[in-house]
């Protein structure tokens, strides 16, 4: 029980982040930790861009007291979000890693903001989310 509770204390998934953003939930700051090129290719609308190597220098300018920082990188095959979460934690910020990363955000059909400012939405990948909508019901 402690193991699973611990995971939930430090991880969140794309569906929960999307629900929090849609509801306007206070107290979360979503941080994209990828390169500028990756950010411009597409990112979570409302996220702030702080590449991992810049977190120590810029964390204070993007966080608020008591807010939970939610970090993401490319996807499950990338440990960039874990490295970023560790850096925010070292600085004393409550932090969660968005499991699945940007890959699963896009694959589940959530909106993607491009570097041009345009927002697009792709159809959900039937291997990651029900075709009828971006929610697995879990």
Residue within the range 35-53 that is assigned to a helix (DSSP H, G or I) and touching a helix residue (DSSP H, G or I) at 6+ places or on another chain (Cβ under 8 Å) present: yes
- request: Kindly provide the set of residues from the range 11-28 that are part of a helix (DSSP H, G or I), touching a helix residue (DSSP H, G or I) at 6+ places or on another chain (Cβ under 7 Å) and either without any contact (Cβ under 8 Å) to a residue 60 or more places away in the chain or under 20 Å from residue 66 (Cβ atoms) (or both), ordered by number.
  value: none
Test set (1) closer than 26 Å to residue 119 by Cβ; (2) surrounded by fewer than 17 Cβ atoms within 10 Å (Cβ to Cβ); (3) modelled with pLDDT under 95 - residue 75 fails condition number: (2)
Options 58, 36; residue that is farther than 26 Å from residue 128 by Cα, surrounded by 11 or more Cβ atoms within 10 Å (Cβ to Cβ) and more than 12 Å from the chain's Cα centre (by Cα): 58
field: Among the residues listed as 57, 121, 36, 90, the single one being touching a strand residue (DSSP E or B) at 6+ places or on another chain (Cβ under 9 Å) and at pLDDT 95 or above
entry: 36
- prompt: Is at least one residue of the range 99-115 modelled with pLDDT under 95 and surrounded by fewer than 20 Cβ atoms within 10 Å (Cβ to Cβ)?
  reply: yes
task: Report whether or not residue 31 is part of a strand (DSSP E or B), touching a strand residue (DSSP E or B) at 6+ places or on another chain (Cβ under 8 Å) and under 26 Å from residue 121 (Cβ atoms).
output: yes
message: Going by what's in this entry, would residue 122 be described as free of Cβ contacts under 8 Å to residues at least 24 places away in the same chain and surrounded by 16 or more Cβ atoms within 10 Å (Cβ to Cβ)?
response: no
field: Single unsatisfied condition, residue 88 versus (1) over 12 Å from the mean Cα position of the chain (by Cα); (2) surrounded by fewer than 16 Cβ atoms within 10 Å (Cβ to Cβ); (3) in contact (Cβ under 8 Å) with a residue 24 or more places away in the chain
entry: (2)
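The values are calculated or read from the model by the stated rules, or taken from the named source; none is laboratory data. If you're wondering where the values come from, they're calculated on a predicted model, not measured in any experiment. Glycine also receives a Cβ, built like all others from the backbone with ideal geometry; neighbour counts cover every protein chain displayed.
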